[in-house]
Amino acid sequence: MRDGRTVVDRFVASRPDLDATDREMLLGWRDPVEGIFEIRGYDGDAIIIAQVALKVATRQPGLVFRNPEKVERGWQQMREDRAEFVEFFGGDEVVLPPGEARLAELVLDG
């Protein structure tokens, strides 16, 4: 829009009744991801989509890296995940027999 705000910005500004969680979720829609998505199912309120987004990101990486703040947030999350992995396993490389690999997955997810 001419004033630099998005439709979502205007909508949120017009709805003072929204709680902080809803406002944050809606404002996150200011940076849409373009692509074709296939709905594969539902998990509660979440929609499970096919990895068409991954294909689009691979073919058009500029779509993924156009928001520097989100790129930095992604790098920060990756650093935190790596630190937790190293703390849990004692290093950044782990070799496990196949049966124990599933156990490690359950421990990390839990």
For segment 66-98, give me the residue count where each residue is surrounded by 10 or more Cβ atoms within 10 Å (Cβ to Cβ) and within 17 Å of residue 28 (Cβ to Cβ). 9
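Which helices (runs of 4 or more DSSP H) does segment 15-71 wholly contain that include 1 or more residues that are aliphatic (A, V, I, L, M), at pLDDT below 75 and over 27 Å from residue 5 (Cβ atoms)? Talk me through it step by step, then tell me what you get.
Working: elements: 20-27, 52-59, 61-64.
Because the criterion is at least 1 residues that are aliphatic (A, V, I, L, M), at pLDDT below 75 and over 27 Å from residue 5 (Cβ atoms), the helices (runs of 4 or more DSSP H) in segment 15-71 that meet it are 52-59.
The values are calculated or read from the model by the stated rules, or taken from the named source; none is laboratory data. Just so you know, these numbers come straight off a predicted model, no measurement behind them. Glycine gets a Cβ as well: all are built from the backbone with ideal geometry, and neighbour counts include every protein chain shown.
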